[in-house]
Amino acid sequence: MQISFTNPSCTVRLYALINNAGVCVCGEFDWQTWHQIQKQIDVNLLGTLRVTKYCLPLLKAGEGRIINVSSVAGLYGYPGLSIYCATKHAMEGASAVLKEELGKFNIPVVTVQPGDFSKATHLLDNHHKNMNQMWSEMSEFQREEYKDYFISYHNGVAKTGLTGKRIKPLTVLSANVIRGFEKAIMTKVPDEKYLLLPNWRSQLKMWIIGCLPEKWSQYLIARRYRKSLPKVVPSPLLGSVRSGSSTASTISSVGSRF
């Protein structure tokens, strides 16, 4: 559908826009391919901004609302989800600003922040495919450097039972998620944010983390990640790389030009 920005007499109105499309690639930043990085940014952030931009005339006409589906990954930094977290943090920031800018048109901007509901969604269906793409584009040095660490990380994700394409009935989705979206869509004056968590344990954990200083909460999140994985054993190739001082000086001189 094409929307004309130059037709103020347009009678079509939009009650709500829900930006829910999302791509999540699990894996450390050093492993992810550029295509994987770009796709997450294109869908999660640029896709949201693009659709919102196109729908603004209809939202203005109907004093509709924008519902941006962020994540708890937009509140904290979770190791292994660097790009996903970056896109969700950006969405949080964009939503906060849009709320102020569109307030004069009576357009509420609501942020929905789901926890881990990947068992009920298809967010990680392509995890094994993404893992193979990472490994195939790694250099020999990277494979030697990470090997057991890389395998252990992806095995950990797979053991959670969240990956792979399978039929996931709506009944798997927690009732509080449905209620949260109903409130965001149907409430006359919606809240600015809806934090939706799968169970009381997640709620308690998020409450504790939220009460702590940011440095402490981030430490606890990172500590759990570190404990679940083996240590990285430096590759013998690392010494040869460090000894290449001419290469390092070349990179430094190039970087200083910008």
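Miscellaneous remarks
- Inter-label distance for residue 186 and residue 159, nm, one decimal - labels placed 7 Å from Cα along Cα-to-Cβ: 4.2 nm
- Those chymotrypsin sites (Phe, Trp or Tyr not before Pro) in the range 6-98 that DSSP places in a loop and that have at most 14 other beta carbons within 10 Å: 15, 29
- Taking other residues whose beta carbon is less than 12 angstrom from the beta carbon of residue 138, and scoring Lys, Arg as +1 and Asp, Glu as -1, yields -4.
- Taking Lys and Arg as +1 and Asp and Glu as -1, the other residues whose beta-carbon sits under 11 Å from that of residue 71 total -1.
- Listed by chain and number, the aspartates and glutamates whose C-alpha is less than 12 Å from the C-alpha of residue 159, apart from same-chain residues fewer than 8 away, amount to an empty set.
- Counted by Cβ distance under 13 Å from residue 209, the other residues give a net charge of +4, where Lys and Arg count +1 and Asp and Glu count -1.
- Footprinting exposure proxy for 189, 97 (fewest neighbouring C-beta atoms within 10 Å first): 189, 97
- Each 10 Å bin from zero holds the following percent of Cα-Cα pairs in the range 16-248: 7, 27, 33, 21, 9, 3, 0.
- For 35, 128, 89, order by how many other beta-carbon atoms lie within 10 Å, fewest first: 35, 128, 89
Read the figures in this text as sums done on the coordinates, not as results from a lab. Nothing here was measured: the structure is a model prediction, and the numbers come from that model. Cβ atoms come from the backbone with ideal geometry, glycine included; neighbour counts cover every protein chain shown.
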